[in-house]
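Report on one structure; see the data block that follows.
No lab work stands behind these numbers, since they all come straight from the coordinates. Remember, it's a predicted structure, so these values are computed and weren't measured experimentally. Cβ placement follows ideal geometry from the backbone for every residue including glycine, while neighbour counts extend to all protein chains displayed.
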Amino acid sequence: MAQPGFSFKAQMWKRLKKNKGAMFGLVVIVLAVLISLFGYLMAPDNSPNADLQTVEIQAKKPGYTQQFLKIPGFKNSSSENWFSIILFGKQNNYRYLPIAGYSIKADSVLVNKFIDDDTTVVQYYSINQLTFNQPANIQNNFIIKKYWLGTDKFGRDILSRLLIGTRVSLAVGLIAVLISLTLGIILGALAGYYRGWVDEVIMWLVNVTWSIPTLLLVFAITMAMGKGFWQIFIAVGLTMWVSVARLIRGQVMAIKEMEYVQAARALGLRDGRIILRHILPNILGPVLVIAAGNFATAIIVEAGLSFLGIGIQPPQPSWGLMIKENYNFIITHNPLLALIPGFAIMLLVLAFNLLGNGLRDAVDVKE
């Protein structure tokens, strides 16, 4: 029972804080949200989709360091503000040439272009062209990059793509949960409150949807709507509402027999007002629990679909797509290329499951 002077929410939060697993999950989720929002500001490669490719340094192990020569390329005339950089990344106006060394001779730079560990090619570049006629700044054109988690088979920074890919996983989970909760709560509340033929029709739809394998249904929806970013959100969301509807139906059937609901009916309140103001607020706890579980499920489904090639499409980073692009390295010299995004999926799914279990215990008011 709730203690006098404490609201149910305060009691729930107090019980949740005592659950170390749930708090660990909550911390991981908060960190993931911050990374998804500000990933382009944190990533070493903040180009759009972290897609800066350098094929000469493909499949390098974590901690690899490479020197580059910055060669001016296309000059972007449009101004970029901080908001567009946070959302879409920063357009890259330079081409990065991997080098094994360089020397300056008169008005030219002689570089040893890196081909592989045993091969280099000598190339010459004009200092004035590299520095826009400011030869004193030539040293700014030489930079050293460290790839903390290595590079993939296209020479892209694994850490950057991992950070930007967090946004996809959380976005899929969020939108899928919103779709599933919206459909599930509406249909479940109608079925549980009105019963009769309304209940029979809705439960027939639930049973038919539930009888179709989730992955097969997602395949069908994706094929019908096409591959892409938003299509995968809708496809995953439309397959997860049935569990929400069954839960809401059972909760509404139990609560609608309570005395305060009967009193609201006796006062002549409309059914919509009774459902929205008196029934749904009292089943918030179970809704939060199933939302956390559905969030974890959506992340796994999206990763699986991207791995199979019908989810997020390249070059947009996705953890499942990163595993697909690098899984063949598992049995070769660099298995971490595929294992790192796999660990990220496991950690985020574990965090949501731990939080869901903690919420389930926190909303239990039998104590």
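Quick notes on this one:
- Residues E257, E80, E302, E325 arranged by fewest to most Cβ contacts within 10 Å: E257, E80, E325, E302
- Pairs with C-alpha atoms separated by more than 32 Å, drawn from the list K153/K227; K20/K90; K90/K153; K17/K153; K145/K227, are K20/K90; K17/K153; K145/K227.
- Counting Lys and Arg as +1 and Asp and Glu as -1 over every other residue whose Cβ lies under 14 Å from the Cβ of F352, the net charge comes to 0.
- Neighbour cut-off at most 13 other Cβ (10 Å), DSSP loop, chymotrypsin sites (Phe, Trp or Tyr not before Pro), the range 212-285: none
- Helical content alone sets the calculated 222 nm signal of the chain at -18500 deg cm²/dmol, taking -39,500 (n - 2.57) per DSSP H segment of four or more residues and averaging over every residue.
- For F142 and L350, the FRET efficiency from 1/(1 + (r/R0)^6), where r spans their Cβ atoms and R0 equals 45 Å, is about 0.60.
- Length added when fully stretched, L178-V33, from 0.36 nm per residue minus Cα-Cα: 50.6 nm
- 5 angstrom amide H check on A43, placed H, neighbours 5+ away: none
- The range 25-174, relative contact order [Cα under 8 Å, separation at least 6], %: 37 percent
- Packing order of peptides 37-44, 60-67, highest average first: 37-44, 60-67 (average count of other Cβ atoms within 10 Å over each peptide's residues).
- The fewest-to-most ranking of S108, S169 by surrounding Cβ atoms within 10 Å reads S108, S169.
- Considering only the Cα atoms of the chain, their convex hull presents on average a projected area of 25.1 nm².
- Cα gyration tensor shape of the range 269-367, rounded if a/c is under 1.5, else prolate or oblate by comparing a/b with b/c: oblate
- The calculated FRET efficiency for the pair F229 and T209, based on their C-beta separation and a Förster distance of 22 Å, comes to about 0.35.
- Modelled this way, with points 7 Å down the Cα-to-C-beta line, the labels at Q123 and D107 are 2.1 nm from one another.
- Amide H contacts under 5 Å for Y94, placed H, 5+ residues apart: G73
- Amide H contacts of L149: G63, I158, L159, each under 5 Å away and 5 or more positions distant or on a separate chain (H built 1.01 Å from N in the peptide plane; Pro and chain starts excluded).
- Alpha carbon centroid spacing (whole Å) that separates the range 295-346 from the range 79-96: 26 Å
- F83 paired with Q134, simple spin-label distance in nm, labels 7 Å along Cα-to-beta-carbon: 3.0 nm
- 3J(HN,Hα) along the range 96-107: 9, 9, x, 10, 9, x, 7, 8, 10, 10, 6, 9 Hz, from the Karplus curve 6.51 cos²θ - 1.76 cosθ + 1.60 with θ = phi - 60°, whole Hz, x for Gly and Pro.
- A full extension of the chain between R265 and V198 corresponds to an added length of 22.2 nm, given 0.36 nm per residue minus the alpha carbon distance.
- Computed from backbone phi, the HN-Hα couplings of the range 39-49 come to x, 5, 7, 8, 6, x, 9, 9, 6, x, 6 Hz, rounded to whole numbers (Karplus: 6.51 cos²θ - 1.76 cosθ + 1.60, θ = phi - 60°; Gly and Pro given as x).
- Cα long-axis angle, helix 336-362 against the chain (0 to 90 degrees, to the nearest 10): 20 degrees
- Here the contact order of the chain, divided by its residue count and restricted to Cα pairs under 8 Å and six or more residues apart, works out to 22 percent.
- Three principal axis extents describe the C-alpha atoms of the range 27-140; from largest down they are 54, 36, 19 Å.
- This ranking places D107, D361, D45 by how few other beta-carbon atoms lie within 10 Å of each, fewest first, which gives D107, D361, D45.
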